[in-house]
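Read through the structure below, which is laid out as structure tokens, and then see the notes.
Read-outs: derived from the displayed coordinates by stated rules, not from any lab. Every value quoted in this text rests on a predicted model; they were computed, and no experiment measured them. Here the Cβ is made from the backbone with ideal geometry for all residues, glycine too, and neighbour counts use every protein chain on show.
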Amino acid sequence: MARLTDPARYARRKAANAVFVTLTSLATLVAVLALVAILSSLLVNGLGGINLAAFTTDTPGGGEPLGTGGLRNAMVGSLLMCGVGMALAVVIGILVGTYLAEYGEGNRLASAIRFLNDVLLSAPSILIGLFAYELFVVPFHGGSALAGAAALAILSTPVVTRTTEDILRLQSNQLREAGMALGAGKGLVIRAIIWRASRTGLVTGALLGFARMSGETAPLIFTNAGNQFFAAKLTGLTASLPVSIYNFALSADENWRRLAWVAALVISVAVLSANIIGRALARGSKQS
Amino acid sequence: MAQSLTAMADTIAPRRVVRGDALFHGLCFSAAVLLMATLAGLLVALVIGGWPALAHFGPGFFTSSVWNPVTDEYGAAGPIVGTLVTALLAMLVALPLAVGIAVFLVEFCPAALAHWVGIAVELLAGIPSIVYGMWGLFVLAPWFAEHVQMPLMLAATPGGWIEWLTQGVPNGTNIFTASLVLAIMVLPFIATVFRELLLSVPGHVREAAYGMGCTSFEVVRAIMLPYVRRSAIGAVMLGLGRALGETMAVTFIIGNSHAFPKGLFDSGSTIASTIANEFAEANGTLHISALVALGLVLFVITFSVLAVARMLLAREKF
């Protein structure tokens, strides 16, 4: 009892606690400062290059004067690949997520797939790139936007699957039973009732999938290594924002380096807004 | 009776609907199998692609640190060690920070502020790898070289351990800065999981501890952290898995040399950065095969780490 009321000991415990509180707030400060540092250097170096030319002219050749050229072909290529990749990832991801949530109860195979999906979720993107290279580039003797899109699809399908499963599990069983009581089969209940009720969540999954794929570079440098000129063909090479950053940032050409910052800013804004909107939607639908 | 039941079932669920159901079930099932086949295919592709190099160099592939495309000799020890060292260093930096952030958000932070800090941490997780790479190369590395590396090198006594630790080209692109950037990248993932874990500690357990007169520090250290121990290890492994396979940021900053790094501030390479750097320009079959074999090594390492992580986290929702 004496130990508990010992004022010196109490002071020591209080001091240790104060140190602890300070350290945890400092840790938080470090993370926030890191974010501020990265975002501000993006704005400082990239904002100056955001003008009409950045969206209407193509990537310049080396040695052009500072301020020439833009990223039109890279943006179009990125949109093209992300569009096709998203379409694939959303269709397959929603189907797999539906299988896991609706048909996978107490099913060994479903547990295995769920586990593998979770592992794929954090798998190194460079390995997905190697795989897509072996699968889609080697047989056709060259990369293409389609190969890039396939790599991106493999990368973000697990994200869509995971979100879909989580969101479908949130729907109450009464909803399913009500549908069945109307005489609808299980498949019809899922498609007409459960999917419809989970619409916002499915959109969230798609947005998070988009956020995961749109900034990815590693899988693209093997599958769709870039194109200096404008191209919007799925079967040919196209430019893309991440690969342009990769090629330009490491060059000695000042104009290229400028464009790399602009591209980095554009892509960060796209990814971060997809993330924010997706998570805001998810939060809203969980509350209501 | 049996017949009339069947008739009833038919009016309730006409055969068309039942067939449609089976079709839809089959569709979902095939998509799930396709996903599984993708992972299997990934492994098969890596084994087939990497086999020539593995067969050619044998166990020496893992122990030799000679990586020379000109003489067609490939030993993976340098990149493998680089991968492990950077990932572990990154975890060493990120783990205390992540625990700190999670504890701060759960225990001390006012709710209004916690919301915004939570968003900031999520944003940190959303920034693309290549943007981290650019920031590391153009902002962090020069700053580090000028304000940390050079002063340390000048202050080091010749022959001392500081000199040994800080040797290397003073340009800021080295193992240490790569690990720092990696730490920032995995930080939000670990912090988010830790936060959820701490929130999962039942309120009455915490309150009982506070009721006994514990300080916040004692509650966190003696009650909350032990309560989430198992899952916490899973969260750490999850972060480690990400750090091991991170590619673009590391490729920008690590300096890309294949020899064993001599010190903390020496340039090095990781498996992922080596593949990213050389794959597009690799011509010889043995060179390509050696790179794919590196990929196989990375696959085995990351997938075992991630698998253990997922088992420990056992279906918590992250």
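Modelled spin-label separation between B:I233 and B:M311, with each label point placed 7 Å from Cα along the Cα-to-Cβ direction: 1.1 nm. Dimensions of the protein assembly as shown based on its C-alpha atoms, expressed as ranges along the principal axes with the largest first, amount to 98, 81, 56 Å. Estimated at 0.36 nm per residue, the fully extended path between A:R9 and A:A252 surpasses their Cα-Cα distance by 81.3 nm.
Taking a span of 30 Å or more along the helix axis (Cα atoms) and a mean Kyte-Doolittle hydropathy of at least 1.6 as the rule, the DSSP H helices of chain A that qualify are A:72-98. Helix content alone sets the calculated 222 nm mean residue ellipticity of chain B: runs of n ≥ 4 DSSP H residues at -39500 (n - 2.57) each, divided across all residues, give -22500 deg cm²/dmol. Pair-distance distribution of the range B:185-285: all C-alpha pairs, bin width 5 Å, starting at 0; shares per bin in whole percent are 2, 11, 15, 13, 12, 10, 9, 8, 7, 6, 4, 2, 1, 0. Ratio of Rg to Rh for the range A:140-249: 1.20 [Cα atoms; Kirkwood radius as inverse mean 1/r over pairs]. Projected label points at A:L234 and A:L175, each 7 Å from Cα along the beta carbon direction, are separated by 3.2 nanometres. For the Cα atoms of chain B, what angle does the longest principal axis make with the long axis of helix B:2-12, in degrees from 0 to 90, nearest 10? Compared with the principal axis, the helix lies near 60 degrees.
For the range A:2-49, the normalised intensity computed at q = 0.19, 0.23, 0.27, 0.32 Å⁻¹ comes to -0.70, -0.80, -0.89, -1.01 (log10 of I(q)/I(0), Debye sum over alpha carbons, equal scatterers, no solvent).
Based on the Kirkwood approach, the hydrodynamic radius assigned to the range B:77-160 is 16.2 Å, with every pair of different Cα atoms included. Over chain A, dividing the summed -39,500 (n - 2.57) contributions of all DSSP H runs of at least 4 residues by the number of residues returns a 222 nm mean residue ellipticity of -23000 deg cm²/dmol.
Centre-to-centre separation between the Cα atoms of the range A:214-287 and those of the range B:140-205: 27 Å. Helix B:175-199 and the longest principal axis of the C-alpha atoms of chain B enclose an angle of approximately 30°.
Computed over chain B, the convex hull of the alpha-carbon atoms projects to a mean area of 27.2 nm². The alpha carbon centroids of the range B:79-125 and the range B:241-318 are separated by 22 Å. Working from Cα pairs under 8 Å separated by at least six residues, relative contact order for chain A is 25 percent. Semi-axes of the equivalent ellipsoid for chain A, computed as √(5λ) from the eigenvalues of its C-alpha gyration tensor and ordered from largest down, come to 39, 34, 18 Å. Restricted to Cα atoms, the range B:33-115 shows a radius of gyration and a Dmax of 21.6, 62 angstrom. Using the Cβ-Cβ distance between A:L43 and A:A280 with R0 = 30 Å, the FRET efficiency computed as 1/(1 + (r/R0)^6) comes to roughly 0.85.
For the range A:132-266, the residue among A:I245, A:V189, A:A153 whose Cα projects farthest onto the positive side of the dipole built from Cβ charges is A:V189.
For the pair B:L34 and B:A156, a Förster radius of 56 Å applied to the C-beta separation gives a FRET efficiency near 0.50, rounded to the nearest 0.05. As a rough footprinting exposure proxy, the listed residues B:H115, A:H141 were ranked by other beta carbons within 10 Å of their own, and the order from fewest upward is A:H141, B:H115. Across all Cα pairs in the range A:1-157, the calculated P(r) in 10 Å bins from zero up to the longest distance comes to 9, 17, 20, 22, 14, 10, 6, 2, 0 percent per bin.
Answer rounded, prolate or oblate for the range A:134-180, using the Cα gyration tensor with square roots of eigenvalues a ≥ b ≥ c: rounded when a/c is under 1.5, else prolate when a/b is larger than b/c, else oblate. Prolate, since a/c reaches 1.5 and a/b exceeds b/c.
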